[in-house]
Amino acid sequence: MIFKYNSSLDIKRIQTFTKINQLKILDFGCGIGVWSQKNLKNKKIKKITLYDKNKKLIKILKKKYFQKKIEVNFNFKDIIRKKDYNLIIISSVIQYMSIERFKKLIEIIDKSKKKLFIIVADIPILPRPLEFVLMPFFNLKRFIFVLKMIFSSKYKKINFYLHRKEDFYFLKKKFNILYTQNIHDLKYLRYSLILKSK
């Protein structure tokens, strides 16, 4: 995630969708991490590989997560080569990626020829200003955090993309697609995309 926001994913819903007994997760764009201690105690999670392009996060993540089942690896080529995952979670990232960039990412992942699930979580439904106005009614903590960030120069320079469901139709050739309520917070302002290899 691009923000230092302490939230967590709904691991029970993830298990419902995937029905995988031994989850080997690649958290793509992990930010400072959304894995709660409760989630890490889940016996069905065998391994989580954390990846982000921001190398400054490595030290923070290694300090935060010292469990054996967590690997901090910011070498994406190495991760793809190892193929040591059966679920990829892309959470709170897609709104900062153009659809062209997302297509390239899927092409790289698809080259691994591995059958897997991909969950793209926290996809905004509304334009950023409208979402911001509605956010305090759905998640006051996140609203306060975003309010602090909104005036920073770094935040203002970040591109924000609003993706329609039709933008993901290109995935239908290689994946079964399910659109669902967000597996993150902001359940009514954002949604998730569940992809299963055909």
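Brief remarks on what is shown
- The portion of the accessible surface of region 84-190 made up by carbon and sulfur, rounded to a whole percent, is 61 (1.4 Å probe; DNA, RNA and ligands excluded).
- A 1.4 Å probe run over the chain, with the rest of the protein chains in place, finds 56 Å² accessible per residue.
- Extension gain, ILE99-ASP78: 0.36 nm per intervening residue step, less the Cα-Cα distance, totals 5.2 nm.
- Under-5 Å amide H pairs with TYR191, H placed in peptide plane, nonlocal only: ASP122, ILE123, ILE125
- A straight chain from LYS141 to ASN54 at 0.36 nm per residue would run longer than the Cα-Cα distance by 28.9 nm.
- According to the Kirkwood relation over distinct C-alpha pairs, the hydrodynamic radius of region 151-198 is 12.9 Å.
- Couplings 3J(HN,Hα) of region 17-23, computed from phi: 6, 8, 6, 9, 6, 10, 6 Hz, in residue order, whole Hz [Karplus 6.51 cos²θ - 1.76 cosθ + 1.60, θ = phi - 60°; x for Gly and Pro].
- Using θ = phi - 60° in the Karplus curve 6.51 cos²θ - 1.76 cosθ + 1.60, the 3J(HN,Hα) couplings for region 123-130 round to 8, x, 8, 10, x, 3, x, 5 Hz; x is entered for Gly and Pro.
- Other-chain or far-sequence residues with amide H under 5 Å of ILE89's (modelled H): LEU26, ASP27, PHE28, ILE119
- Multiplying the residue separation of PHE151 and LEU130 by 0.36 nm and subtracting their alpha-carbon distance yields 5.9 nm.
- 222 nm mean residue ellipticity, helices alone, for the chain (DSSP H n ≥ 4; -39,500 (n - 2.57); rounded to 500): -9000 deg cm²/dmol
- For the chain, the relative contact order works out to 23 percent when only alpha carbon pairs closer than 8 Å and six or more residues apart are counted.
The values are calculated or read from the model by the stated rules, or taken from the named source; none is laboratory data. Bear in mind that the values here come from a model prediction, so they are computed numbers and not experimental data. To get the accessible areas, we keep the full protein, side chains included, count just its heavy atoms, and leave off ligands, DNA and RNA. Shrake-Rupley method; radii C 1.70, N 1.55, O 1.52, S 1.80 Å.
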